[in-house]
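The values are calculated or read from the model by the stated rules, or taken from the named source; none is laboratory data. All figures in this text were calculated on a predicted structure; none of them were measured in a lab. With ideal geometry, Cβ positions are generated from the backbone for all residues, glycine too; neighbour counts draw on all protein chains shown.
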Amino acid sequence: MSFTMIVFYVLSAILLFSAFRVITAKNPVHAALWLVLAFFTSAGHWLLLEAEFLAISLVLVYVGAVMVLFLFVVMMLDINVEQLREGFWRHFPLAATVGLIMAAEMALILAAPETRLADYAAAAPLAADASNVKQLGLEIYTTYLMPFELAAVLLLLAIVAAIALTQRERKDGKYIDPARQVEVKAADRVRVVKMDAVREEAPQTEAADAAQSQ
């Protein structure tokens with residue numbers, strides 16, 4: 001067994017364990033930190049595949065930006081962890097079964113003799129000055145253009161669904177109903193009131209006050 005295969009199996013074991021701890025950790029901060037470890041090990045897999053751009057993008061974007069945002073949100077919000085974990089162990093056997101089935105399917109695909117991984121293994125090594133960024137761009141916007149666009153649409157739908165599910169009316173919050181705001185007319189908000197001009201009286205001097213007192 002080569003050194004590359006040893007590193008691959010070690011990173012895979014760490015990735016599987018950290019992914020399992022993400023869903024079983026009781027503390028959401030600990031779960032986020034386990035997810036950071038999973039991202040780092042995934043970046044190691046990309047490095048083994050000689051995709052340095054994807055590896056550094058995974059570390060910078062997800063570990064350096066997304067997970068920091070998650071940690072800030074988790075630590076600043078008062079989250080009821082016990083309420084979120086209700087029914088976790090009741091549904092765990094079904095989730096574990098589905099996960100094992102998916103893992104078995106991926107193992108069968110990778111072990112099949114007609115898999116495309118053999119073509120990549122038998123391919124000629126890349127040149128020293130080869131740009132995987134350029135090759136990635138060509139593959140995304142030519143061969144995999146439709147799956148790329150479909151993934152973008154699914155992510156947009158996920159964002160909209162997350163906003164719709166978490167948007168609740170709070171009694172102590174102030175918000176504007178967009179539907180009522182659109183229906184408002186200028187005559188409902190602005191009213192012109194006509195008033196007669198009022199002339200202010202000139203201030204009286206002390207001499208005038210004395211004359212009036214006599």
Residue 78 fails exactly one of the following numbered conditions: (1) at pLDDT 85 or above; (2) among the charged types (D, E, K, R); (3) not in a helix (DSSP H, G or I). What is the number of that condition?
(1)
In segment 137-175, which residues are at pLDDT below 75 and either basic (Lys, Arg) or within 26 Å of the chain's Cα centre (by Cα) (or both)?
166, 167, 168, 169, 170, 171, 173, 174, 175
Keeping to segment 2-60, report how many residues are without any contact (Cβ under 8 Å) to a residue 40 or more places away in the chain, farther than 21 Å from residue 74 by Cβ and among the aromatic types (Phe, Trp, Tyr).
4
Filter result for residue 61 (at pLDDT below 90 and either farther than 28 Å from residue 96 by Cα or basic (Lys, Arg) (or both))
yes
Among the residues of segment 17-29, are any surrounded by fewer than 17 Cβ atoms within 10 Å (Cβ to Cβ), within 29 Å of residue 86 (Cα to Cα) and of a type in the set (Ser, Thr, Tyr)?
yes
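Here's the yes/no breakdown for (1) among the aliphatic types (A, V, I, L, M); (2) under 30 Å from residue 129 (Cβ atoms); (3) not in a helix (DSSP H, G or I):
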{"site": "8", "(1), (2), (3)": "no, yes, no"}
{"site": "12", "(1), (2), (3)": "no, no, no"}
{"site": "19", "(1), (2), (3)": "yes, no, no"}
{"site": "23", "(1), (2), (3)": "yes, no, no"}
{"site": "33", "(1), (2), (3)": "yes, no, no"}
{"site": "55", "(1), (2), (3)": "yes, yes, no"}
{"site": "91", "(1), (2), (3)": "no, no, no"}
Qualifying positions in segment 34-53 - surrounded by 17 or more Cβ atoms within 10 Å (Cβ to Cβ), of a type in the set (A, V, I, L, M) and modelled with pLDDT of 85 or more
35, 36, 37, 38, 43
In this structure, does residue 71 turn out to be farther than 15 Å from residue 29 by Cβ and either assigned by TED's automatic domain parsing to the domain that holds residue 37 or at pLDDT below 80 (or both)?
no
Among the numbered criteria (1) part of a helix (DSSP H, G or I); (2) modelled with pLDDT of 65 or more; (3) under 20 Å from residue 51 (Cβ atoms), which single criterion is violated by residue 129?
(1)
